[in-house]
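To start, the structure itself, in C-alpha cells.
Throughout, read-outs are computed from the coordinates displayed, never taken from laboratory work. Note that the structure is predicted; figures quoted are calculated from it, not measured. Positions of Cβ are backbone-derived with ideal geometry, glycine not excepted, and every protein chain shown enters the neighbour counts.
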C-alpha cells in the first residue's frame, strides 16, 4: 500500500511506498538529476525497497501455506474457520499487490529511472483499485468475524441456523467482490477523470482529501463497529462468569471465547500496523492539514517507509497467530507437513490402559460415586463405581436393571450386591 512522499504539484509525486500509488508519467522524477538529494533518494530506494519486497514475498508464502492447509481440516468447516482462511487469503493477496505496486510505482521509476508509459497508466490505476479493494476487504473480513462471534455468544441456540454453510459462502463472496467493485465504480464515475479520461492520465483526485477522507472512513467505521461488538461480548462473558449461570455448553463457551481472543489479537495487529499509515494518508495530501512538502524529502521517505514496513509486518504476523491459537489450523499444518514431507502422523503414544483410564475417569468425574434414585414407577436404581481389583487403577460403572422392591429389606439386600 502506498502513500505519497512528496509533491511539487498535484501531478508530480515521488513515491516511497505507502497507501496509494500516485506516480504519474510526465513528471521528471524518472529523469536523471544532478541534485544530491535526488541521488540520495535513489540510493535509499535501492536499499529499502528490496527488503520490503522480500517481506512481501515471505508474507505471501506464509499466508498461502495457511490457506492450502485448509485442505486437511475436517469438513464441514465452521464459519469462523472459513472466514479466517479467507482472511489469510486476503492478506496474501494484499502483500502480493503491494509488492507489485512498489515495483511499478517506486522501484522502476525512481530507483532505475524507467518511466511508466502512457499506455500502461490504466493498468496502474486498475492495480490501485485492486490494492485499495484488498485493504478494505481485509477490514471487512475482520468485521464479519466480529459479527460471527457476536451471534455465537449472544444467540447460541440460533447460531447454526443463522450461519449456515450457504450463508457463510455468500458472505465471503461479498467480502471480496464488493470492496474491489466499489473502487472500480468510483474510478469510473467522474467525468474526464480516472478510467473515463484519455489513457486514464487524469487521476489527481487521489491526491485530495475528498477521496482520502472517504477511504479513511471505510477504515475507521468498521473499527468502531468492531470495538462496540467486542466490548459487548466482554460484558456478556463477564456477566455469565459472575452469575455462574449456564446459558450454553461450557465447552462451546470456552471455544467461543478463545476464538474471540484470537480475532482480537488479529484486530490489534491491524490497528498497530495500519493505523499510522491511514492517519498519514488522511492528514497529508494536496489540500489536507499537512501538504506533501510540509517536511523535507528525506523525512517523508523515512516516514512512509516505516509505515510500509509496519503494514507488511502485520500481514506476516497474522498467520503466526492462526498457527499458534487455532487448533484446527495447527492440526492441519501438521497433517500437511506429514503428507508432503512424509513420515508418520503423531499419535498419542500412551498405553491403551492409560487412555481407557482417562476416558473412564473423565466419565466418572461427571457422576457421583454412588447414587440412588426412584423412577416414576417406584423402582430404585443404584449407580456405583467399583474397582476391578486391588492392583488396578481402573474403575468400571455397574448399573443394575430396574426392579420393583417390596420392602426395605429387599432394598438393602439388592444394594449389597452392587
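In what order do 238, 335 fall by count of nearby beta-carbon atoms within 10 Å, going from fewest to most? Show your work: numbers first, answer last.
Numbers: 238 10, 335 15.
Taking fewest neighbouring Cβ atoms as first place, the list is 238, 335.
Need one number: nm distance between label points at residue 100 and residue 147, each 7 Å from Cα along Cα→Cβ, rounded to one decimal.
Taking the simple label geometry, residue 100 and residue 147 are separated by 2.9 nm.
For segment 4-341, restrict the atom set to alpha-carbon positions and state the Rg and Dmax in Å.
Rg then Dmax for segment 4-341, in Å: 22.0, 75.
According to a simple spin-label model (label point 7 Å from Cα along Cα-to-Cβ), what is the distance in nm between residue 298 and residue 189?
4.3
Please order 213, 186 by the number of other Cβ within 10 Å, starting at the fewest.
The fewest-first ordering by Cβ neighbours comes to 213, 186.
Over segment 4-341, what relative contact order in percent results from Cα pairs under 8 Å that are six or more residues apart?
27
Treat segment 139-241 as a sphere of radius equal to its Kirkwood radius over Cα pairs and apply Stokes-Einstein at 10 °C in a medium of 1.306 mPa s; give the translational diffusion coefficient in µm²/s, rounded to a whole number. It would help to have the intermediate numbers written out before the result.
Values: Rh = 16.5 Å.
The calculation lands on 96 µm²/s.
Label-point separation (nm) for residue 37 and residue 324, each offset 7 Å from Cα along Cα-to-Cβ?
A separation of 4.2 nm, rounded to one decimal place.
Mind sorting 154, 289, 145, 107 by how few other Cβ atoms lie within 10 Å of their own Cβ, fewest first?
Details: 154 14, 289 10, 145 25, 107 22.
Least crowded to most crowded, the residues run 289, 154, 107, 145.
Once R0 is set to 45 Å, what does the formula 1/(1 + (r/R0)^6) return for the Cβ-Cβ distance between residue 340 and residue 119, expressed as a FRET efficiency to the nearest 0.05?
E between residue 340 and residue 119, to the nearest 0.05, is 0.55.
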